[in-house]
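Remarks on the structure that follows.
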2 protein chains.
Amino acid sequence: MKLATIHDGSPDGKLVVVSHDLSRAVTAADIAPNLRTALESWPHLEKRLKERSDLLEAGRAPDTFSFDPAVAAAPLPRAPQFLDGSSFLSHGKRMVRAFNLSTAALEVNHPLIYQGASDAFLGAQAAMPLPSEEHGIDIEAELGIVTDAVPMGVTSAQAAAHVRLLVLFDDVSLRRLLFGEMTLGFGMIQCKPTCVFSPVAVTPDELGEGWRDGRVHLRMEIGINGHRLGNLATDQMGFSFYDLIAHAARTRTLGAGTIIGSGTVSNEDASAGTGCIAERRALEVLEHGEAKTDWLHFHDRVQIEALDQDGHSPWGAIAHTFIPYQTSEPPR
Amino acid sequence: MKLATIHDGSPDGKLVVVSHDLSRAVTAADIAPNLRTALESWPHLEKRLKERSDLLEAGRAPDTFSFDPAVAAAPLPRAPQFLDGSSFLSHGKRMVRAFNLSTAALEVNHPLIYQGASDAFLGAQAAMPLPSEEHGIDIEAELGIVTDAVPMGVTSAQAAAHVRLLVLFDDVSLRRLLFGEMTLGFGMIQCKPTCVFSPVAVTPDELGEGWRDGRVHLRMEIGINGHRLGNLATDQMGFSFYDLIAHAARTRTLGAGTIIGSGTVSNEDASAGTGCIAERRALEVLEHGEAKTDWLHFHDRVQIEALDQDGHSPWGAIAHTFIPYQTSEPPR
């Protein structure tokens with residue numbers, strides 16, 4: 001089942017069911033007004049959403065319409081929590097080596113997770129407003145899971161039952177602000193503005209064998225202005241999503257609709273490229289002694305998509321840009 | 001105006017207006033179902049809420065009821081963002097000196113803020129479930145502001161117009177997990193379970209001269225099991241709440257209902273005591289070479305209250321405990 005959110009002026013948007021091929025959609029607002037409330041009552045509503053999806057596939061749903069990723073909001077424009085990992089270990093290792101960062105984060109045997117803003121996620125084709133190119137604009141191509149309500153203290157094994165949806169997203173990062181914030185011990189605030197999400201969220205069964213062991217087994221294609229940045233296997237997570245849930249929930253509950261990210265997709269094989277500019281610069285530093293690839297500029301076009309063996313794109317493409325933020329605030 | 005939230009089975013609870021003396025309440029659910037939606041439409045609803053408050057004070061509101069802080073939820077059981085500062089600089093300085101922490105955080109000339117969970121805040125008299133006493137349970141007595149929708153890039157001067165409500169809260173911290181997390185650069189996750197809030201949120205005018213320059217000018221009384229931990233002036237913030245808003249919003253928007261915390265209240269004068277056990281232990285280390293005060297235990301009683309010169313308590317008291325978390329999760 002594929003679910004999307006359409007802008008309707010409300011903060012959470014309107015829930016729609018989307019066809020497997022992403023071409024058609026039908027409202028589900030009569031089942032749950034938005035995806036957030038659907039996740040809060042998932043055991044009661046999943047069957048009805050699935051029936052709507054089956055009707056849509058069978059061509060028997062009334063009032064279907066063409067699904068346009070350009071007008072889709074993030075599947076969850078606002079989520080109870082956004083917890084983002086760094087589970088592709090080759091990413092962290094390269095960053096530490098290239099930029100002489102603290103090795104402390106490489107030496108722990110548990111997932112690394114930061115808490116990010118989750119109140120204004122953007123849709124797949126958004127023009128993302130940012131204050132300045134001087135902050136070192138970068139992408140992070142990631143996979144994510146959406147949970148139902150997770151009790152405190154779940155184990156990794158118990159966590160498997162709490163994965164309701166899978167998403168793809170770009171965890172936009174401002175690199176010139178990031179290293180400074182990381183040294184202060186308070187986590188990442190200014191360096192992590194918000195994220196841009198895939199047009200739809202999918203139930204794990206949509207991936208078939210592409211979802212197993214708490215990992216996604218597909219390839220991810222990442223491009224900037226039509227040039228490939230990476231074509232990466234998505235299954236090299238040192239910690240699974242189940243481990244990430246258990247780590248996050250050790251001392252807290254997670255509200256239904258919590259999104260947990262994988263961290264930047266990365267492969268041990270450097271020839272596969274990277275899921276962000278920073279890691280590409282790290283590879284350049286390690287190989288040539290200096291970084292050559294520039295950070296991103298306003299109006300650069302980011303493309304992120306996951307593909308299965310047959311070239312199908314379960315989530316559709318993220319295809320967004322950046323624009324200068326225009327304030328409407330009166331001067332003081 | 002004082003606003004509170006009553007549990008009604010919904011995630012956001014039900015909005016009520018509370019009398020200045022905290023004795024009586026009246027529903028405001030016909031104006032806005034909950035405080036979160038009220039803050040999203042504040043310019044349209046503030047006047048009606050104020051009228052309801054005036055009716056209540058005049059004894060002319062129908063269907064009033066006795067306000068019982070014991071059944072109040074957090075004013076915002078879930079908030080779009082929770083960003084918590086460390087603005088009482090004497091706190092950070094003592095912690096760094098006593099425990100040989102990195103001095104990096106003392107050397108920056110901007111606020112320090114971490115992002116915490118905001119999807120399950122607790123009411124003033126909650127019994128807070130935690131997994132283990134071994135994590136070093138501690139309180140942090142704090143003041144907080146609640147914003148309306150804040151645009152990206154506001155200045156401190158512009159930020160003043162975005163403070164809608166003031167709250168008091170306990171940012172419960174698990175100290176034996178905290179230092180480890182702070183050294184990893186990803187911020188605080190496991191060491192920050194959730195917070196316990198004052199029975200009501202108040203509009204800034206409720207404090208009169210007690211709210212000025214983006215700071216609260218009152219005293220805060222903090223006790224454990226009836227023994228005073230601190231009696232602290234609340235106005236020694238090195239950065240004002242306006243500065244905190246501007247820092248938080250530099251590269252992002254803040255959704256209406258965002259809560260920004262002051263950090264643990266602390267005074268330069270050590271004889272005033274402390275707003276947390278950790279800082280008391282820091283003072284013990286600095287004076288005696290070792291910490292003597294133990295971390296908290298299940299069923300210990302925490303009392304946090306702010307008082308004006310006349311002994312009035314604008315928010316009422318936080319009076320909570322801790323209990324062992326009981327999972328309902330099936331074993332796997």
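The values are calculated or read from the model by the stated rules, or taken from the named source; none is laboratory data. Every value quoted in this text rests on a predicted model; they were computed, and no experiment measured them. Glycine also receives a Cβ, built like all others from the backbone with ideal geometry; neighbour counts cover every protein chain displayed.
So which of B:G180, B:G185, B:G238, B:G208 ends up being surrounded by fewer than 21 Cβ atoms within 10 Å (Cβ to Cβ), assigned to a loop (DSSP other than H, G, I, E, B) and over 13 Å from the mean Cα position of the chain (by Cα)?
Details: B:G180 fails: assigned to a loop (DSSP other than H, G, I, E, B); B:G185 fails: surrounded by fewer than 21 Cβ atoms within 10 Å (Cβ to Cβ); B:G208 fails: assigned to a loop (DSSP other than H, G, I, E, B).
Of the residues listed, the single one that is surrounded by fewer than 21 Cβ atoms within 10 Å (Cβ to Cβ), assigned to a loop (DSSP other than H, G, I, E, B) and over 13 Å from the mean Cα position of the chain (by Cα) is B:G238.
Among the candidates B:L174, B:L165, single out the residue that is more than 11 Å from every other protein chain (Cβ to nearest Cβ) and either modelled with pLDDT of 95 or more or in contact with a Cys (Cβ under 6 Å, 6 or more places away or on another chain) (or both).
Values: B:L174 fails: more than 11 Å from every other protein chain (Cβ to nearest Cβ).
On inspection, the qualifying residue turns out to be B:L165.
Filter the stretch B:25-41 down to the residues that are out of contact with any helix residue (DSSP H, G or I) (no Cβ under 6 Å at 6 or more places or on another chain) and more than 14 Å from chain A (Cβ to nearest Cβ), then identify the one that is nearest to B:L76 (Cα to Cα).
Keep residues of the stretch B:25-41 that are out of contact with any helix residue (DSSP H, G or I) (no Cβ under 6 Å at 6 or more places or on another chain), which gives B:25, B:27, B:29-30, B:33-37, B:39-41.
In the following step, the residues that additionally are more than 14 Å from chain A (Cβ to nearest Cβ) were identified as B:25, B:27, B:29-30, B:35.
Values: B:A25: 17, B:T27: 16, B:A29: 14, B:D30: 18, B:L35: 6 Å.
The residue in question is B:L35.
List the number of the failed condition for A:D68; all other conditions in (1) over 24 Å from the mean Cα position of the chain (by Cα); (2) without any contact (Cβ under 8 Å) to a residue 24 or more places away in the chain hold.
(1)
For every residue, the table says whether it meets (1) among the small types (G, A, S); (2) in contact with a His (Cβ under 6 Å, 6 or more places away or on another chain).
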{"position": "A:H7", "(1), (2)": "no, no"}
{"position": "A:G13", "(1), (2)": "yes, yes"}
{"position": "A:I31", "(1), (2)": "no, no"}
{"position": "A:A38", "(1), (2)": "yes, no"}
{"position": "A:L49", "(1), (2)": "no, no"}
{"position": "A:A79", "(1), (2)": "yes, no"}
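Among residues belonging to the stretch B:233-275 that are within 12 Å of chain A (Cβ to nearest Cβ) and polar (S, T, N, Q), point out the one that is farthest from B:L168 (Cα to Cα).
Checked the stretch B:233-275; the qualifying residue farthest from B:L168 (Cα to Cα) is B:T251.
Against the conditions (1) within 14 Å of chain B (Cβ to nearest Cβ); (2) aliphatic (A, V, I, L, M); (3) assigned to a loop (DSSP other than H, G, I, E, B); (4) touching a strand residue (DSSP E or B) at 6+ places or on another chain (Cβ under 6 Å), where does A:V196 fall short? Just the number, please.
Here A:V196 clears every test but (3).
Is it the case, given these coordinates, that A:S10 is surrounded by fewer than 17 Cβ atoms within 10 Å (Cβ to Cβ) and modelled with pLDDT under 95?
When the stated conditions are applied, A:S10 passes them.
Do we have any residue at all in the stretch B:94-108 that's away from chain A (no Cβ under 12 Å), surrounded by 14 or more Cβ atoms within 10 Å (Cβ to Cβ), touching a residue at least 40 places away in the same chain (Cβ under 8 Å) and outside any helix (DSSP H, G or I)?
No; the residues of the stretch B:94-108 include none that is away from chain A (no Cβ under 12 Å), surrounded by 14 or more Cβ atoms within 10 Å (Cβ to Cβ), touching a residue at least 40 places away in the same chain (Cβ under 8 Å) and outside any helix (DSSP H, G or I).
Does A:G123 satisfy the condition of being within 25 Å of A:G13 (Cα to Cα), within 7 Å of chain B (Cβ to nearest Cβ), buried (at least 22 other Cβ atoms within 10 Å of the Cβ) and under 17 Å from the mean Cα position of the chain (by Cα)?
Details: within 25 Å of A:G13 (Cα to Cα): yes; within 7 Å of chain B (Cβ to nearest Cβ): no; buried (at least 22 other Cβ atoms within 10 Å of the Cβ): yes; under 17 Å from the mean Cα position of the chain (by Cα): yes.
For A:G123, the condition - within 25 Å of A:G13 (Cα to Cα), within 7 Å of chain B (Cβ to nearest Cβ), buried (at least 22 other Cβ atoms within 10 Å of the Cβ) and under 17 Å from the mean Cα position of the chain (by Cα) - is not met.
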